[in-house]
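Heads up, the thing below is written out as structure tokens.
The values are calculated or read from the model by the stated rules, or taken from the named source; none is laboratory data. From a predicted model like this one, the values you see are computed outputs, not experimental measurements. Neighbour counts are summed over all protein chains in view; Cβ atoms, including those assigned to glycine, are modelled from backbone coordinates with ideal geometry.
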Ligand SMILES: [Fe+2]
């Protein structure tokens, strides 16, 4: 029984079919822009994280700094400014990788105004990454998803597996309203605990995962992203045809 558990948990290097993230190419959730949120503090820190992603087969990085009214008052100006600083630092080091920026919008009292005023930071064809409070479900989640869709935005909920108040039926309902789901790859390793891991696995088993990404803030996340490649659940997702990261190329 013990050996079965071990086998299910982690597979040995000799049986690994996928050794990197080349099949998805795009990481679309990270905090690698320098100095504007709780991610990389300096361009040098950004470069360490970006090099790690490149080593793991990522060819395009879409940085998504927090936009939170109470903590990180970012906007297009601060985000594009930090992107320019990062691009200059990458050029100075002769590092060739595609880097773009959008945001991870927090569903707070200012988010609805940003939606209605067309001030969301988007990636690809009007995709919008947003996160929910961890303490409880905002009552206007579904109406605001519908509003985003009506305005031509394509919402993506960041790390649905991390909101303990959301269950399988909620995920299905959110998707039925036209919102895609982005699971943090490292959730599948147990990085955020066993309950989050279990929910991420449930999302994967039910074919509800549209994107996986690193949500990288620091080197511990980078190390976990590398280790994630040894997990069958991650391997299976990478081998499935369900992931849509490529549409953001
Ligand atoms: Fe994030």
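Considering only the range 123-137, state which residues are surrounded by 15 or more Cβ atoms within 10 Å (Cβ to Cβ) and away from the ligand (no atom under 16 Å from the Cβ).
Residue satisfying the conditions is 124 alone.
Checking residue 171 against (1) in a loop (DSSP other than H, G, I, E, B); (2) over 14 Å from the mean Cα position of the chain (by Cα), only one condition comes out false. Which one?
With respect to (1) in a loop (DSSP other than H, G, I, E, B); (2) over 14 Å from the mean Cα position of the chain (by Cα), residue 171 is out only on (1).
Looking at the range 191-215 only, could you name the residues that are crowded, with 17+ Cβ neighbours inside 10 Å and more than 30 Å from residue 147 (Cβ to Cβ)?
191, 197, 201
Provide a single number: the residues in the range 11-69 that are within 30 Å of residue 155 (Cβ to Cβ), out of contact with any helix residue (DSSP H, G or I) (no Cβ under 6 Å at 6 or more places or on another chain) and modelled with pLDDT under 95.
1
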